[in-house]
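Here is the structure we will look at.
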Amino acid sequence: MDEAKLKEITGFLTQVPFFVEVDKASLIRLCKDLEIISYYRNDTIFSKGDQGSSMYVIYRGAVRVHEDEHQFGTLGRGECFGEYAVIDNEVRSASVTAIEETQLLEIPQRSFLDLMKKDSGFAQGILGVMIRRHRELDTIQERLASSKKQLELANSKMSGLINGAMDAIIMFNQDFRIILTNPSANELLENEDVLQRNVLFFLDDTSAQLLESLVESVKAEHAKFLPQPIRVIGSEETTSLNEGTLSKYGVGEQTFYTLILRNIEARLKAQDTIDLLTQQTEYLEEELMELTDSYGIIAEDIRMQNVLELVEQVAVTDATVLISGETGTGKELVARAIHKASKRNDKALIRINCGAIPANLIESELFGHEKGAFTGATASRKGRFLLADKGTIFLDEIGELPLELQPKLLRVIQEGEFDPVGSSETLRVDVRIIAATHRDLLDLSKKGKFREDLYYRLNVFPIQVPPLRERGSDIHLIAGQMLQQYAAKLNKTVKKLSEADKAILSGYPWPGNVRELQNTIERAVILSPKGAIDWRTFVPDSRTGPAEGLQPPQPNILTSEELADLERENIKRALKKTSWKVSGKNGAAALLKLPPTTLASKIKALGISRPV
């Protein structure tokens with residue numbers, strides 16, 4: 001080659017890693033013996049098994065190293081291949097083919113070895129490169145050894161994860177042959193020897209068709225949930241419904257699928273039980289709703305209906321409510337109705353009876369305390385106000401709250417904050433307050449027994465619950481419902497309330513209200529012989545006071561005249577209450593639960609006439 005070309009090739013070789021430590025003079029001598037050979041695309045440079053006699057440096061273009069169709073990699077400008085052919089006589093270990101038009105510098109074995117013998121600078125440079133390569137190879141081998149350990153550790157972890165999984169894991173190939181299972185899968189399939197068996201054989205026809213269709217559509221390395229449960233049939237004929245996922249990896253003949261299954265039989269049975277119980281609950285709630293209004297409060301009387309209207313109006317606000325009424329009138333039911341109809345009904349309704357807790361403990365109950373705040377406080381405790389945060393607190397018998405605690409309650413109402421007992425930390429809460437009392441708080445405030453400012457803070461929206469004696473026919477409805485409840489509870493059959501029974505119940509003022517009525521009915525059901533109840537035995541005489549003891553006196557037998565008198569008086573009371581209106585929504589017939597024509601006949605038969 002001419003001087004210009006020689007200089008160009010020599011400069012190129014100085015940048016080739018294999019010759020980077022060889023001095024320029026030695027490279028010039030090497031260039032004089034090398035040959036530049038050109039190849040076209042797909043030309044074979046040498047094949048695997050050929051006898052090697054030269055090494056090559058890529059001057060221009062690129063080649064690929066391969067064995068048949070399997071490619072090991074590609075090489076480009078400045079890279080060498082076939083180096084071992086200059087130092088041994090072994091055959092080529094792979095084939096090399098030009099990817100594009102390529103020029104190679106061919107270095108014959110004879111020229112290379114001659115320079116190694118005669119040119120110490122060349123030999124020293126080549127040895128330096130070989131030593132560096134050897135050290136790099138040692139480093140690579142160390143990394144490979146480390147990678148092998150890491151791979152073994154990762155494999156161990158993966159095996160532990162797969163074998164310890166509660167879900168069944170089944171891996172199969174494109175022919176649906178099982179190639180791997182975990183213990184949970186073997187248990188599900190009821191077989192310890194399932195490898196190379198067809199996974200479809202363990203499924204019913206519908207599930208097998210579903211899996212076949214999913215295998216055709218699932219994308220590589222993408223888990224797909226099974227669109228519906230599949231039924232697995234074990235080797236011992238045990239069937240189970242399973243949900244799961246299917247994923248795919250690999251390509252061509254090396255395609256594999258992973259099926260992960262979870263038995264849902266127990267969950268389905270539990271869900272069926274829950275559904276059944278839910279349906280039973282809904283049914284019972286519907287039956288209860290038929291007997292009562294939407295809040296568990298029987299309210300046919302206009303006074304109680306007015307109370308429910310007030311409940312509906314105030315429930316949608318966060319206004320503080322003060323419920324007043326005699327003991328036993330159902331103030332707590334009204335408080336629960338307000339909470340149920342409010343926007344806070346998904347949070348807690350916390351109840352506390354201010355009259356049932358000792359004065360020295362009520363502050364801790366309401367506001368909580370820190371450990372050591374007082375003797376016996378061995379641990380910190382959250383108060384009722386903190387438990388009711390974002391919900392509602394019902395302060396029953398608020399009139400019994402100690403006077404010294406009332407400023408602290410006033411602070412919660414005004415500022416929404418308080419300090420637990422023994423703590424310097426101020427806590428903030430968002431609580432809706434409903435209070436109830438049977439006392440006249442305004443009168444107590446005038447006597448200095450209740451803070452006047454607290455009274456007005458509580459009395460934002462007052463609700464007065466009427467006593468039972470003022471609720472007309474509600475007493476019959478409430479008594480009828482309680483009668484059925486206690487009869488069912490005590491497994492007894494009792495007769496429904498007759499008109500005479502209702503008259504007896506209506507004739508007593510019930511100073512204990514619904515609570516007294518409840519106790520009376522329970523006692524009557526317990527002592528009723530064969531379901532027959534003489535209510536005169538159990539309902540106290542309003543003139544002489546409540547009945548004494550549990551031993552009822554001998555029942556009186558009413559004559560037909562006495563029964564007629566009793567019915568006549570009952571109809572008169574109904575007519576007086578309705579201003580002698582017989583028919584219509586608010587007429588006496590509706591109150592007595594009688595058809596208007598029947599009531600008109602009774603009025604005529606009993607000789608009842610409107611006073612002038």
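The values are calculated or read from the model by the stated rules, or taken from the named source; none is laboratory data. This is a predicted model, so every value here is computed, not measured. We place every Cβ from the backbone using ideal geometry, glycine too, and count neighbours over all the protein chains shown. The protein model used for the area step is the full one, side chains on, heavy atoms only, and it has no ligands, DNA or RNA in it. Shrake-Rupley method; radii C 1.70, N 1.55, O 1.52, S 1.80 Å.
List, largest first, the extents of the alpha carbons of the chain along their principal axes, each in whole Å.
Sorted from largest, the Cα extents of the chain read 149, 66, 46 Å.
Would you mind calculating the relative contact order of the chain from Cα pairs under 8 angstrom and at least 6 residues apart, reporting the percent as a whole number?
Here the relative contact order equals 8 percent.
What's the local net charge at residue 486, with K and R +1, D and E -1, over the other residues with C-beta under 10 Å away?
Result for the local shell: +2.
Return one whole number: the accessible area per residue of the chain in Å², for a 1.4 Å probe.
58
Picking from 123, 38, 386, whose Cα lies most toward the positive end of the charge dipole for the chain (charges on Cβ: Lys, Arg +1; Asp, Glu -1)?
So the residue we want is 386.
Just subtract the alpha-carbon distance of residue 413 and residue 561 from 0.36 nm times their residue separation and send over the number in nm, one decimal.
Length gained, residue 413 through residue 561: 47.1 nm.
Sticking with the crude label model, points 7 Å out along Cα→Cβ, report the distance from residue 493 to residue 44 in nm, one decimal please.
10.5
What does the charge count near residue 30 come to, summing +1 for each Lys or Arg and -1 for each Asp or Glu among other residues with Cβ under 15 Å from its Cβ?
After counting each charged neighbour, the total is -1.
Relative to the Cα centre, what is the charge dipole magnitude of the chain, using +1 at the beta carbon of each Lys and Arg, -1 at the beta carbon of each Asp and Glu, and rounding to the nearest 20 debye?
3080
Distance check, please: which entries in 7/118; 24/118; 495/530; 219/248 exceed 18 angstrom between their Cα atoms?
With Cα atoms farther than 18 Å apart: 7/118.
Under the classification rounded if a/c is under 1.5, otherwise prolate if a/b is larger than b/c and oblate if not, where does the stretch 7-154 fall, given a ≥ b ≥ c as square roots of the Cα gyration tensor eigenvalues?
Judged from the Cα gyration tensor, the stretch 7-154 comes out oblate (a/c at least 1.5, b/c at or above a/b).
Check every DSSP H run in the chain and write down those whose alpha carbon atoms cover 30 angstrom or more along the long axis and whose mean Kyte-Doolittle hydropathy is -1.0 or greater.
120-164, 265-291
Could the peptides 45-56, 526-537 be put in order, highest first, of the mean number of other beta-carbon atoms found within 10 Å of their residues?
45-56, 526-537
Assuming 0.36 nm per residue, please report the length gained on full extension of the stretch residue 403 to residue 131 beyond their Cα-Cα distance.
My answer for the length gained is 88.3 nm.
Looking only at the stretch 314-337, which residues have a backbone nitrogen under 18 Å from a spot 7 Å from the Cα of residue 470 in the C-beta direction?
Under cut-off, by backbone N: 322-335.
Using just the helices of the chain, give the 222 nm mean residue ellipticity in deg cm²/dmol: DSSP H runs with n ≥ 4 each add -39,500 (n - 2.57), and the total is spread over all residues, rounded to 500.
My calculation for the chain gives -13000 deg cm²/dmol from helical runs alone.
Take the cross-link list 331/449; 343/576; 492/593; 48/117; 331/492 and give me the ones stretching past 32 Å between alpha-carbons.
From 331/449; 343/576; 492/593; 48/117; 331/492, over 32 Å: 343/576.
Using R₀ = 30 Å, calculate the FRET efficiency as 1/(1 + (r/R₀)^6) where r is the Cβ-Cβ separation of residue 608 and residue 300; round to 0.05.
After rounding to 0.05, the efficiency reads 0.80.
Would you mind calculating the gained length between residue 90 and residue 204 on full extension (0.36 nm times residue separation, minus the Cα-Cα distance), in nm to one decimal?
35.0 nm
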